[in-house]
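Written below as structure tokens is the structure these notes are about.
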Amino acid sequence: MSDELLIRHCSPTLAGVKTANLFSCPSASRSRTLGELRRLNLRWREKGLCALLLRHEGGRALVYVFRPRALERDLKNAQAQRLLRRMGYPCARPWHCLAHLAQRMKEAGEFPHEIGLFLSYPPEDVEGFMSKSAPCKCVGCWKVYGDAERACRLFEKYRRCACDYRRRWEKGIPLEKLIVDRDITSAKRKGLRE
């Protein structure tokens, strides 16, 4: 798995301004991809970052890069908990939720709508998308049904982060040096504000 691929698809998570990113990449074998992810996880452990294979099918791997602590916070949100419970998720631990998500993806063969809760989408937007009870206010990284102004600021923040990471990586700064340590709050100390 190339650093370029990780920079292109996961910069906001690497920077600590987003809980997670998800991307698809070519994969000759499931075992080789799992080996690559194990090596990444060993390198990233001290940085509070993790990579997980959610699905392997048709020569492609679906990789989830996330910050476990941030995911735990996101999934503790009361509205997120209600949505997940309604979908049959075991909400006691984030790892159990991830296993359930992977199983749902395997069984359905598509992305379950609640995946947004695992990607930092606001619960009100995930619920709005699932229920279609109100009109969509705007579209960016996701469809917005709640606070459009806040969402647009986040979309711009993620875009700026991706551009900044790409530019810095192209100047020769290695991926490991670009990864913000530990928690999302660390990103604020590095000037990546909303």
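The values are calculated or read from the model by the stated rules, or taken from the named source; none is laboratory data. Since the structure is predicted, the reported quantities are computational estimates derived from the model, not experimental observations. Methodologically, a virtual Cβ is constructed for each residue, glycine included, from the backbone with ideal geometry; neighbour enumeration extends over all protein chains shown. To get the accessible areas, we keep the full protein, side chains included, count just its heavy atoms, and leave off ligands, DNA and RNA. Shrake-Rupley method; radii C 1.70, N 1.55, O 1.52, S 1.80 Å.
The table below lists the values:
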quantity	calculated
Gain upon complete extension [A108, C91; 0.36 nm per residue less C-alpha separation]	4.1 nm
Residues in segment 154-180 reached by a label modelled at K47 [backbone nitrogen below 17 Å; 7 Å Cα→Cβ]	161-180
Tensor-based shape of segment 91-167 (alpha-carbon gyration tensor, a/c under 1.5 rounded, otherwise prolate or oblate)	oblate
For R60, distant residues with modelled amide H under 5 Å away	S27
Net charge over other residues, Cβ less than 11 angstrom from the Cβ of Y89 (K, R count +1; D, E count -1)	+4
Greater than 20 Å apart at Cα, pairs in K18/K177; K76/K143; K47/K177; K18/K47; K18/K76; K76/K157	K76/K143; K76/K157
Cα centre as origin, Lys/Arg/Asp/Glu Cβ charges: the chain dipole, Debye	460
Accessible solvent surface per residue of segment 35-91, calculated while the other protein chains remain in place, 1.4 angstrom probe, Å²	51
Residues listed by number, segment 143-178, amide nitrogen under 17 Å from Q79 label point at 7 Å toward C-beta	143-155
Solvent-accessible area, 1.4 Å probe, carbon plus sulfur percent, for segment 64-144	53
Value of relative contact order over the chain, rounded to a whole percent, pairs C-alpha under 8 Å and six or more apart	27
Estimated FRET transfer efficiency when R0 is 41 angstrom, pair I173-S133 (beta carbons, to 0.05)	0.35
Computed lengthening from E72 to S24, 0.36 nm per intervening residue step minus Cα-Cα distance	14.9 nm
Relative contact order (%) - segment 7-56, alpha-carbon pairs under 8 angstrom, separation at least six	26
Taking N as its residue count, the alpha carbon Rg of segment 1-147 over 2.2 N^0.38 Å	1.04
